[in-house]
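Below is one structure, written out as structure tokens; the observations come after it.
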Amino acid sequence: MRVSVRGINLGYTDEGHGEPLVFIHAFPLSRIMWEPQREALASRYRVINIDLRGHGESDSILWHFTLDDYAEDVVALVQHLHIERATFVGLSMGGYILFSLYRRRPELIKALVLADTRAQADSEEAKAGRMALAQVAYRKGMSAVADQMLPKLLAPGSLKTRPELVERIRSIILNNDPAGTIVDLMAMAERPDSTPLLASVTCPTLVIVGEDDIATPPSEAHYMVDRLPQSKLITIPGAGHLSNIEQPERFTQALMDFVSAR
Ligand code: MLT
């Protein structure tokens, strides 16, 4: 489905009934990455998956946006769907967007799931890396972006032994366009440090991390849990950065246990 909000068409799916769960995907993927959770959860919950601007079936606009713009897109979709409060699940860049959402519209958030993400802003080195990757996207296209990103997204074991999974992730990346990817990179490089926000997050929060995540390692998850007043940490063995796809059953179970406890 697509909806026109804030001057842009956004792709999304809205499936099932009951308590709303809103999923925000990672960079440089799209809502398809949540397929295992949508399939497992839509018989029990209302599952909403959004394609962020510049991804999947959403329009891609080459302009200077911030992650607050992405968060406002999420707000607009949730309002369009007449959802007053929801549990929001964000992985990596999706988590960065949830920090923005919490800063702007905490009343919409019943509970948070922060997966394979970090609270801190980019270091100078990380910003330089983003600029370099933006040049790769601009000059060489999404296939070169996939080559660079795949070793960061998946655990070494998955890369070696699960070629079908590697190809699935590659095809999701190839379905995005360089403009959207470049906009993401600039927006992520500019995001503020969310560490000061953590102590004021009053909703229940589940932090999930893949044991072999090298992009946002378990130390980042501990850093957040140590500062979030109502949080719980689940570490998933046999998973890298894309823990929800690499170990879908474990990820979904952790999510269900968290949601059903509220
Ligand atoms: C992601 O998975 O969204 C990215 O790894 C986030 C990042 O590059 O910081």
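The values are calculated or read from the model by the stated rules, or taken from the named source; none is laboratory data. Everything numeric in this text was worked out from a predicted model, so none of it was measured. Please note: Cβ atoms are built from the backbone with ideal geometry, for glycine as well, and neighbour counts cover all protein chains shown. Accessible surface is based on the protein model in full, side chains and every heavy atom, while ligands, DNA and RNA are left aside. Shrake-Rupley method; radii C 1.70, N 1.55, O 1.52, S 1.80 Å.
Descriptive notes on the structure:
- Residues satisfying the stated conditions in region 108-126, i.e. surrounded by fewer than 19 Cβ atoms within 10 Å (Cβ to Cβ), over 19 Å from Asp69 (Cβ atoms) and under 19 Å from the mean Cα position of the chain (by Cα): Lys110, Gln120, Ala126
- Residues that are open to solvent by 10 Å² or more (accessible area, probe 1.4 Å) and within 15 Å of the ligand (Cβ to nearest atom), drawn from region 93-102: Tyr96
- Taking the criterion of being open to solvent by 30 Å² or more (accessible area, probe 1.4 Å), over 19 Å from Leu174 (Cα atoms) and under 19 Å from the mean Cα position of the chain (by Cα), the residues of region 37-57 that qualify are Arg38, Glu39, Ala40, Arg46.
- Hits in region 217-262 (condition: among the polar types (S, T, N, Q) and under 23 Å from Arg38 (Cβ atoms)): Ser243, Asn244, Gln247, Thr252, Gln253, Ser260
- From the list Val183, Val166, the lone residue that is within 27 Å of Arg103 (Cβ to Cβ) and among the hydrophobic types (A, V, I, L, M, F, W, C) is Val183.
- Counted residues, region 157-180 - those being closer than 20 Å to Leu52 by Cβ and open to solvent by 70 Å² or more (accessible area, probe 1.4 Å): 3
- A count restricted to region 127-156 and to residues that are in contact (Cβ under 8 Å) with a residue 24 or more places away in the chain, open to solvent by 40 Å² or more (accessible area, probe 1.4 Å) and within 17 Å of Asp213 (Cβ to Cβ) stands at 2.
- Cβ pairs under 7 Å, 6+ apart, first in region 172-192 and hydrophobic (A, V, I, L, M, F, W, C), second surrounded by 22 or more Cβ atoms within 10 Å (Cβ to Cβ) and not in a helix (DSSP H, G or I): Ile172/Leu29; Ile172/Ser30; Ile173/Pro28; Ile173/Leu29; Ala179/Gly54; Val183/Gly54; Met188/Phe27
- Given (1) surrounded by 24 or more Cβ atoms within 10 Å (Cβ to Cβ); (2) out of contact with any Asp or Glu (no Cβ under 8 Å at 6 or more places or on another chain), number of the condition Arg105 does not satisfy: (1)
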